[in-house]
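Below is one structure; the comments refer to it alone.
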Amino acid sequence: MRLRHIEIFEAIRRTGSLTEAAAALHISQPAASKLLAHAEAQLGFKLFERVKGRLVATREAEILSPEVARLHQDLSSVRRLAASLRDSPNGHLRLGCAPALGLGLLPEVVRASRDAQPGITFDIHTHHSAELVQGLLTRELDLAITFDSNDYAGLTRIGLGHTELVHLSRQTDAGPLRLQDLPHSATLILLDARDASGALLQMALDAQGLDPQAAIRVQTHYVACALVDAGCGDAIVDAITAQAMLRPGMGLRRLDPALRVPISIMVRNQDPLSGLHRELIERLRSACEARLAEVMGA
């Protein structure tokens, strides 16, 4: 199938009408009809049948649909990127980041980048690790900021610094908190062990023979912080997110021993870093150091 065949296929599948599909593609109905006929002739089977005045996908078209939809989405991504490159001569970055880092670290870096270079534009996507890796490998992302410390084929990890896990609660007690002194399980909010920070905490608990039963388990640091703010219990989260979500009446305490969580940026091996990429990485590294120093000095 050619690209125009993919476009007419998707347009008809969405609208169920040749007339509406033609309008969506800004072509005449005869041109749309000709495109459909050419696609079916090339494939050797019909794509749509008329049922009660609507065009309905055939069995063969239904089988093709997921792959065609993926190709159509990729084509749309290429067009958006091309438009961004045309309209943003000063640069365009497609960033992926862990949700917590999108809240506590990235905003000030984006602001500083745009202050230094007002014409730069961003697409920002928040995902968990698996989606960030996939986004890089499929070239939907240029860079990904993550807590993930694993190595992946085709990707390079560049260290930005680290954060620490802290105890966040509605109490304002001072001083570090030992893991064995964690509050009763009826009020404990923990990160899912599949999260990099959650896995680190679980290993530390296992090493000390501790097995606290969480009242609530969550996948994102900022949701845990919001639950603390709502009075649902105490949480163990990363320090940068905790500081960003800190509200009056809440307090954070370091853990004893300290549990460090590395922060990295991942890029594709075969793609050389541009000056724009390097500047962003340095701003991220500086912001990471500054935010952790702020938290630890609080």
* Structure fact -> Rounded to 0.05, the calculated FRET efficiency for the beta carbons of Leu75 and Glu108 at R₀ = 41 Å is 0.75
* Tensor-based shape of segment 1-154 (alpha-carbon gyration tensor, a/c under 1.5 rounded, otherwise prolate or oblate) -> prolate
* Quick one: Ser149, Ser28, Ser169, fewest Cβ neighbours within 10 Å first, how do they rank? -> Ser28, Ser149, Ser169
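For a footprinting-style exposure proxy, rank Leu210, Leu64 by other Cβ within 10 Å, fewest first. Display every interim value, and only then the final one.
Details: Leu210 12, Leu64 20.
So the residues, fewest neighbours to most, are Leu210, Leu64.
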* **Built amide H within the under 5 Å cut-off of Leu188, gap 5+** => Ala215, Ile216, Asp234
* Taking every pair of alpha-carbon atoms in the chain, what share in percent sits in each 10 Å bin, from 0 to the bin with the longest distance? -> 6, 23, 22, 18, 16, 11, 5, 0
* **Gained length - Gln42 relative to Ala207, 0.36 nm times residue gap less alpha-carbon distance** => 53.1 nm
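To check you understand DSSP bridge types, tell me what percent of the beta bridges within segment 152-298 (both residues inside) are antiparallel, rounded to 5. Intermediate results must be reported in sequence, preceding the final value.
On the way: 17 of 24 bridges.
Bridges in segment 152-298 are about 70 percent antiparallel.
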* Structure fact -> By Cβ neighbour count within 10 Å, fewest first, His125, His92 rank His125, His92
* Of Val110, Ala153, Phe48, farthest towards positive along the dipole that unit charges on Lys, Arg, Asp, Glu beta carbons give the chain -> Phe48
* **Modelled label reach - Arg59, point 7 Å along Cα→Cβ, segment 27-45 residues with backbone N closer than 20 Å** => 40-41, 43-45
* To do: Provide the FRET efficiency to the nearest 0.05 for the Ala226-Asn150 pair, computing r from the beta carbons and using R0 = 25 Å.
  => 0.35
* May I ask you to evaluate 6.51 cos²θ - 1.76 cosθ + 1.60, the Karplus curve with θ = phi - 60°, for each residue of segment 212-218 and list the ³J(HN,Hα) values in order in whole Hz, giving x for glycine and proline? => x, 9, 6, 6, 9, 10, 10
* Under-5 Å amide H pairs with Asp123, H placed in peptide plane, nonlocal only -> Leu93, Arg94, Leu95
* To do: Pull up the DSSP beta bridges for the chain and report the antiparallel fraction as a percent, rounded to 5.
  => 60 percent
* **Residue among Pro248, Pro118, Pro212 with the largest mean-square fluctuation in a Gaussian network model of the chain, springs linking Cα atoms under 10 Å** => Pro248
* C-alpha center-to-center spacing [segment 155-231, segment 114-129] in angstrom -> 29 Å
* How would you classify segment 134-257 from its alpha-carbon gyration tensor, with a ≥ b ≥ c the square roots of the eigenvalues: rounded for a/c under 1.5, else prolate if a/b is greater than b/c, otherwise oblate? -> prolate
* Rounded to 10°, Cα long-axis angle of helix 3-15 versus longest principal axis of the chain -> 80 degrees
* Asked: Given a Förster radius of 51 Å and the C-beta distance between Ala199 and Ser28 as r, what FRET efficiency does 1/(1 + (r/R0)^6) yield to the nearest 0.05?
  -> 0.30
* **Per residue, the convex hull volume that the Cα atoms of segment 105-168 enclose (Å³)** => 126 Å³
* Asked: Mind checking the alpha-carbon convex hull of segment 216-298 and giving the volume per residue in Å³?
  -> 129 Å³
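Since every read-out is calculated from the coordinates, none of them should be taken as a lab result. Values in this document were obtained by computation on a predicted structure and should not be read as measured data. Please note: Cβ atoms are built from the backbone with ideal geometry, for glycine as well, and neighbour counts cover all protein chains shown.
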